[in-house]
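Structure first, then comments.
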Amino acid sequence: MRAELQQYLQFRRDLVLFLRNNPIWYRKLSRNPYLLSELEQESRVYYGQTFPQKIDKINNQMNMVNMLLQMLTAVKE
């Protein structure tokens with residue numbers, strides 16, 4: 001792996017952990033270091049950091065709060 005890529009990965013621990021969990025990416029980057037942007041995108045999908053995944057997470061949390069409020073109103077009655 002190129003030295004520049006290794007230096008970049010030193011500052012991005014999330015990408016290092018992703019590489020450890022998905023060693024195929026280590027081989028891909030060794031052969032073609034210009035795939036770094038694809039690695040970052042795959043990492044965001046893996047960790048649930050894409051915009052649609054964040055929206056789904058917020059939606060699930062709002063549904064949980066709504067359900068808890070409904071339970072509280074049912075208990076008060």
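In table form, for the structure just shown:
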{"read-out": "Residues of the range 34-77 satisfying the condition of being within 19 Å of ASN22 (Cα to Cα) and of a type in the set (Gly, Ala, Ser)", "value": "SER37, SER43, GLY48"}
{"read-out": "Residue that is surrounded by the most Cβ atoms within 10 Å (Cβ to Cβ) [pool: residues in the range 38-61 that are aromatic (Phe, Trp, Tyr) and within 20 Å of LYS28 (Cβ to Cβ)]", "value": "TYR46"}
{"read-out": "Residue list for the range 40-49, filter: under 21 Å from TYR8 (Cβ atoms) and either in a loop (DSSP other than H, G, I, E, B) or in contact with a Ser or Thr (Cβ under 9 Å, 6 or more places away or on another chain) (or both)", "value": "GLN41, ARG44, GLN49"}
{"read-out": "Test for MET64: is it surrounded by 10 or more Cβ atoms within 10 Å (Cβ to Cβ) and either at pLDDT below 95 or of a type in the set (Lys, Arg) (or both)", "value": "no"}
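The values are calculated or read from the model by the stated rules, or taken from the named source; none is laboratory data. All of these numbers come straight from a predicted model, not from anything done at the bench. A quick note on method: Cβ atoms are made from the backbone with ideal geometry, for glycine too, and the neighbour counts reach across all protein chains shown.
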